[in-house]
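Take a look at the structure below.
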Amino acid sequence: MKQRTIEQGQVTVEVCAEDAVGSDPVAWLIQQAKDGMVLLAHADDGVIWSEAKRDGLMFPSNALHAQPVLRKETLQMARLFDNEGETYLWRTGEGRWRGRHIKDGRGELRLRYYDEAQILWGTRVEAVEVGFVCVAEGEQGLRHAPPLKLDLQDWKDAHPLRLGVRHYLAEDDEGWLRVSMSRLTGVRKEG
């Protein structure tokens, strides 16, 4: 098992004002998207994957995987991310929308952090299309379609998909380092 390495870097963290997101969180997310960013959203009716392109968000086709539609009525939270930063959107307990931007590599804030790769479920590939792969797990057929460019032949391990996560650390009053916030950095296949 690879040992975690704590690094330090410059970070910009911007918490959006309560009224910044407005009444249409989906439109706000689309405005934040930059070419190549990945969207991972959680809604009442399931998980939604997308990839940002110059002309908007690209979703897997219904023929590949009939994932839920990204709509404000069912959206709970969303992360729009790449290796450099993340825009995080969430619904508060009061039903309001909040947002936060994290950008690495610049800013006055110097934070310690470590990266980890979390396992995404998926024991078999069911289908691929340009830019997306539909993976399934278990007899129940749990499915999702992350934006990856894979061939069916690329699949050798039972759980090769990884979600990159960066955890930022802060020292508490007693001198212990604790994770103060986290962001997604990418989705990839290992092995």
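The values are calculated or read from the model by the stated rules, or taken from the named source; none is laboratory data. Just so it is clear, the structure is predicted and the values come from calculations on it, not from any experiment. Note: ideal-geometry Cβ built from the backbone for every residue, glycine included; neighbour counts use all protein chains shown.
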Check: Can you find a residue in the range 86-97 that is in contact with a Lys or Arg (Cβ under 8 Å, 6 or more places away or on another chain), of a type in the set (Asp, Glu), within 30 Å of Gln8 (Cβ to Cβ) and surrounded by 15 or more Cβ atoms within 10 Å (Cβ to Cβ)?
Finding: yes
Check: Cβ-Cβ below 7 Å, separation at least six or inter-chain, first residue in the range 39-59 and more than 19 Å from Leu120 (Cβ to Cβ) and in contact (Cβ under 8 Å) with a residue 60 or more places away in the chain, second of a type outside the set (Asp, Glu) and part of a strand (DSSP E or B): which pairs?
Finding: Met58/Ser50
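Per-residue answers, yes or no, for (1) modelled with pLDDT under 95; (2) within 23 Å of Met37 (Cα to Cα); (3) assigned to a loop (DSSP other than H, G, I, E, B); (4) basic (Lys, Arg):
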residue	(1), (2), (3), (4)
Cys134	yes, yes, no, no
Gln140	yes, no, yes, no
Pro146	no, yes, yes, no
Lys156	yes, no, yes, yes
Asp173	yes, no, yes, no
Val179	no, no, no, no
Arg183	no, yes, no, yes
Gly186	no, yes, no, no
Note to self: So in the range 26-45, with the set limited to residues that are loosely packed, with under 15 Cβ neighbours inside 10 Å and of a type in the set (Gly, Ala, Ser), which one is farthest from Tyr88 (Cα to Cα)?
What the structure shows: Gly36
Notebook entry, point to check: Residue check: is Leu184 in contact with a Phe, Trp or Tyr (Cβ under 9 Å, 6 or more places away or on another chain), surrounded by 14 or more Cβ atoms within 10 Å (Cβ to Cβ) and in contact (Cβ under 8 Å) with a residue 12 or more places away in the chain?
Noted result: yes
Next item on the list: Please go through the range 86-106 and pick out each residue that is out of contact with any Asp or Glu (no Cβ under 6 Å at 6 or more places or on another chain) and part of a strand (DSSP E or B).
Entry: Glu86, Thr87, Tyr88, Leu89, Trp90, Arg91, Trp97, Arg98, Gly99, Arg100, Lys103
Notebook entry, point to check: In the range 107-126, which residues are assigned to a strand (DSSP E or B), within 24 Å of Ala145 (Cα to Cα) and modelled with pLDDT of 90 or more?
Noted result: Asp115, Glu116, Ala117, Gln118, Ile119
Next item on the list: Residue by residue through the range 98-116, note down the ones that are of a type in the set (A, V, I, L, M) and buried (at least 16 other Cβ atoms within 10 Å of the Cβ).
Entry: Ile102, Leu111
